[in-house]
Amino acid sequence: MADRVTVIGWDGSPLTTAARSALSAATLVAGAGHHLALPEVPRDAERIRLGSLDLAARRIAGHRGTAVVLADGDPGFFGVVRTLRAPEYGLEIEVVPAVSAVAAAFARAGMPWEDARVVVAHQRTLRRAVNVCRAHPKVAVLTSPGAGPAELALLLDGVHRTFVVCEELGTDREQVSVLTSDKAADHIWRDPNVVLVIGGGSTGAVAPGAAWLSGQDTAVRPVRGWGLPAEEYAPQGYDHDPATGPDAVAPGGARTTAGEDPALRAAQLARLGPRTGDLVWDVGCAGGAFAVEAARFGAAVIAVDADPAACARTEAAARRHGVPLQTVQGRAPHVLERLPEPDVVRVAGGGVPVVRACTDRRPERIVAHASTRDEAEAVGAALADGGYAVESLLLQTVGLDPSDWSERERSVVFLLAGRRSATS
């Protein structure tokens, strides 16, 4: 086992005294090609070019002597320290950090970043990284070959963002480019690079010094609770075509219909469990209540409706609650064919044909509702035929007037929830 392992971060600036001292005593040095070319690396030290971190960690664990691992930026932030500290290697690690690539990128852009989300994009996680970029107004993406600025831009099709692409930070070839996301796919980018994805957030102002939680957009004061009343999203009420979404809410929002009942919405959200990195389809978005609440959980949301007024209401509700989402006008199921792959889906209109189209896309979970038993049985059968385990509930809610406990509003609806089978 190595007598001592020192992990040194490098951000392009001269090495610190502690880093130079550790390197001078090293009998094994691991790092990328540009790290191993540093003049401070001892000539007679064994050199390992980092490829597989697990393989390098095993070689370091078997080395008798003093080992140094060189890494770009802060090696404790999405870096090699996590791998080297795995218990199977038994290594004791000392870390000499440097400025992280994310901090350097935001510094080049002249932007604060305590409110930024940071994601790692490689070919397995690219889709989820893109969903975070859809859902949050400030995201730093640590890219990799095959999951870089061009691929991010292609998957963000239809969503406008500003890209700040920082190539080869800390080297004499460093370059920072600012462009719109629709232009990023037209370029060839050098690795390594960091992409800052900016836009789509609230325009609300926050007082200086009010930020207190890293990774959150503190310009928006979040609404407490979920399953909020429909009037939170459409205070003046609205009319809607039942063929494309929930039943119409009467002017003034005096009576809550089955499709818009907050209790149904809460039950649907509970079964879908939208979360950061997910893409949610809301098919038949109506007034936007479900879409906005799903976005408040940190998920990316695409709200679909054939009615342009419904899309406009959803966009207005999103602005009011300070969450980004995308609306797509078109009639399901045909419009769904051009949408990116969903993780969870809520079907609020279109019935069995839309449910079947959604099961074909294999999201993890699907929820729908029905107003009659025959309709509920048909939707449940469509979910089961698509390879989903089906839960069926009859939900009844009765709103009461607290002054005299008289009935104020009533909703009776079937809830159908499908969970994709592990073998399907």
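Structure values in brief
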quantity	calculated
Residue, modelled with the lowest pLDDT, within region 78-102, restricted to residues that are within 27 Å of the chain's Cα centre (by Cα) and crowded, with 17+ Cβ neighbours inside 10 Å	Gly79
In region 379-422, residue modelled with the lowest pLDDT [restricted to those that are open to solvent by 50 Å² or more (accessible area, probe 1.4 Å), small (Gly, Ala, Ser) and under 30 Å from Pro363 (Cα atoms)]	Ala422
Elements of type strands (runs of 3 or more DSSP E) in region 274-336, at least 3 residues being farther than 19 Å from Val352 by Cα	300-305, 326-329
Test set (1) in contact (Cβ under 8 Å) with a residue 40 or more places away in the chain; (2) of a type in the set (D, E, K, R); (3) farther than 28 Å from Val118 by Cα - Glu375 fails condition number	(1)
Contacts under 8 angstrom Cβ, first residue in region 108-131 being part of a strand (DSSP E or B), partner among the aromatic types (Phe, Trp, Tyr), 6 or more apart	Val118/Phe78; Val120/Phe78
Positions within region 326-370 being within 25 Å of the chain's Cα centre (by Cα) and on the phi > 0 side of the Ramachandran plot, in sequence order	Gly330, Arg362
Hits in region 28-53 (condition: open to solvent by 60 Å² or more (accessible area, probe 1.4 Å) and out of contact with any helix residue (DSSP H, G or I) (no Cβ under 7 Å at 6 or more places or on another chain))	His34, Ala37, Pro39, Arg43, Asp44, Glu46, Gly51, Ser52
Residues located in region 130-145, provided they are over 15 Å from the mean Cα position of the chain (by Cα) and either of a type in the set (D, E, K, R) or open to solvent by 40 Å² or more (accessible area, probe 1.4 Å) (or both)	Pro145
Val280 vs. criteria out of contact with any His (no Cβ under 7 Å at 6 or more places or on another chain), open to solvent by less than 10 Å² (accessible area, probe 1.4 Å) and not charged (D, E, K, R)	yes
Leading residue by the ranking (least open to solvent (accessible area, probe 1.4 Å)) among those in region 4-27 that are among the β-branched types (Val, Ile, Thr) and over 37 Å from the mean Cα position of the chain (by Cα)	Thr27
Selection count, region 103-134, where residues are closer than 24 Å to Val301 by Cβ and touching a Ser or Thr at 6+ places or on another chain (Cβ under 7 Å)	3
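Listed here are the residues, each with its yes/no results for (1) in contact with a Leu (Cβ under 7 Å, 6 or more places away or on another chain); (2) part of a loop (DSSP other than H, G, I, E, B).
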| position | (1), (2) |
| --- | --- |
| Arg362 | no, yes |
| Ala368 | yes, no |
| Ala378 | no, no |
| Ala389 | no, no |
| Leu400 | no, no |
| Arg419 | no, no |
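The values are calculated or read from the model by the stated rules, or taken from the named source; none is laboratory data. Bear in mind that the values here come from a model prediction, so they are computed numbers and not experimental data. All Cβ positions, glycine included, derive from the backbone under ideal geometry; neighbour counts span all protein chains shown. For the accessible areas, the whole protein counts, side chains as well, though only heavy atoms, and no ligand, DNA or RNA atoms are used. Shrake-Rupley method; radii C 1.70, N 1.55, O 1.52, S 1.80 Å.
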